Amino acid sequence: MTVHNLYIFDRNGKCLYYNEWNRKKQAGISKEEEYKLMYGMLFSIRSFVSKMSPLDSKEGFQSFQTSRYRLHYFETPSGLKFVMNTDLSVSNARDALQHIYSNLYVENIVKNPTCILGNSLDSDLFSTRLDTFIRALPYYNPRTT
Amino acid sequence: MADDALFEFLHMEIVAHVYRDLQFIKGETDNKDRASRVSILEGMGYRVGQGLIERLTRDSPCFKDELDVMKFICKDFWTKVFRRQVDNLRTNHQGTYVLQDNKFNLLTQLSNGKQYLDQAPKYLAFSCGVVRGALSNLGLESVVTAEVSIMPSCKFQVVIQKL
């Protein structure tokens, strides 16, 4: 049971923050390309899901899974996108992502006068608190499997 | 009372505005400019402090002496303005007081240690002015400076001017 990594994108597709806790395999491309790939994929999937869904959906795209991991997606009304990859035992990380947004992002970034909107998130305070929060999650448990 | 976040955001923008505008006019920053910006912020705080203290001491009796005034500032005034009390008050009994606040309201979201240390004084100037204004309307002229070494803890030094 573990959290692999976390991305935070802004409304324009720029990756503001990335951190990994338990990533066994790298993508094989540069970080910039990886962020663009992730954002592009999310954009396409969201649009696909909203068009092709056979039912009325209020929430839209929330997560997808492969045989090894699950990707959770959370978008705020202000256009911020939180993406977290966990293993398959985590069925719903929405609350965690919501908490990261309202308690960590809003408190430590938005209220930080030195953090300008649109810049990557440099604040050490934010990083340490996020790290502590992720490690304290009930489903975080780094094992070497 | 209105939401605290309102004042925090307004304060952030006031500081940013003062620094942005002056930079635009002068074209570059040097020590003299930095001092003038800090004094603009402090002047704003001075006027705010003067008004605030009238309102907050409406119902209190006269203060016996200087130390009593400082204790009021540390407890009631600090609680109303910064939502907590000053953690430590020291004095040399000759007009100098050091107020230490270990979790200063306007610095908690900035950092938890040394990051952004050089930017911290900007965000303390207004508060220094508030304290100076409050004291001046209580009859004590003073000079208030602030120093910070590890955020969010900071020390305000108040030197009462004897006439």
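Quick notes
- Given (1) more than 14 Å from chain B (Cβ to nearest Cβ); (2) touching a helix residue (DSSP H, G or I) at 6+ places or on another chain (Cβ under 7 Å); (3) free of Cβ contacts under 8 Å to residues at least 60 places away in the same chain; (4) not β-branched (Val, Ile, Thr), index of the condition A:Gln98 fails: (2)
- Within the range A:64-93, the residues that satisfy the criterion of being farther than 16 Å from A:Phe9 by Cα, within 12 Å of the chain's Cα centre (by Cα) and modelled with pLDDT of 90 or more are A:Arg70, A:Thr86.
- Residue within the range B:13-21 that is in contact (Cβ under 8 Å) with a residue 60 or more places away in the chain, within 14 Å of the chain's Cα centre (by Cα) and within 14 Å of chain A (Cβ to nearest Cβ) present: yes
- Residue count for the range B:11-38 under the criterion of being aliphatic (A, V, I, L, M) and at pLDDT below 85: the result is 3.
- Against the list (1) surrounded by fewer than 20 Cβ atoms within 10 Å (Cβ to Cβ); (2) assigned to a helix (DSSP H, G or I); (3) in contact with a strand residue (DSSP E or B) (Cβ under 9 Å, 6 or more places away or on another chain), the condition B:Leu135 fails is (1).
- Residue pairs meeting the criteria (Cβ under 7 Å; at least 6 apart or on separate chains; first under 26 Å from A:Phe133 (Cβ atoms), in the range A:16-37; second of a type in the set (D, E, K, R) and not in a loop (DSSP other than H, G, I, E, B)): A:Ala27/A:Glu34
- Residue ID - nearest to A:Val106 (Cα to Cα), chosen from residues in the range B:107-163 that are among the hydroxyl-bearing types (Ser, Thr, Tyr) and within 10 Å of the chain's Cα centre (by Cα): B:Tyr123
- The listed residue being polar (S, T, N, Q) and exposed (fewer than 12 other Cβ atoms within 10 Å of the Cβ), out of A:Ser44, A:Ser63: A:Ser44
- Selected residue [touching a helix residue (DSSP H, G or I) at 6+ places or on another chain (Cβ under 9 Å) and within 14 Å of another protein chain (Cβ to nearest Cβ)] from B:Tyr123, B:Tyr46: B:Tyr123
The values are calculated or read from the model by the stated rules, or taken from the named source; none is laboratory data. Given the structure is predicted, the values throughout are model-derived calculations rather than measurements. We place every Cβ from the backbone using ideal geometry, glycine too, and count neighbours over all the protein chains shown.
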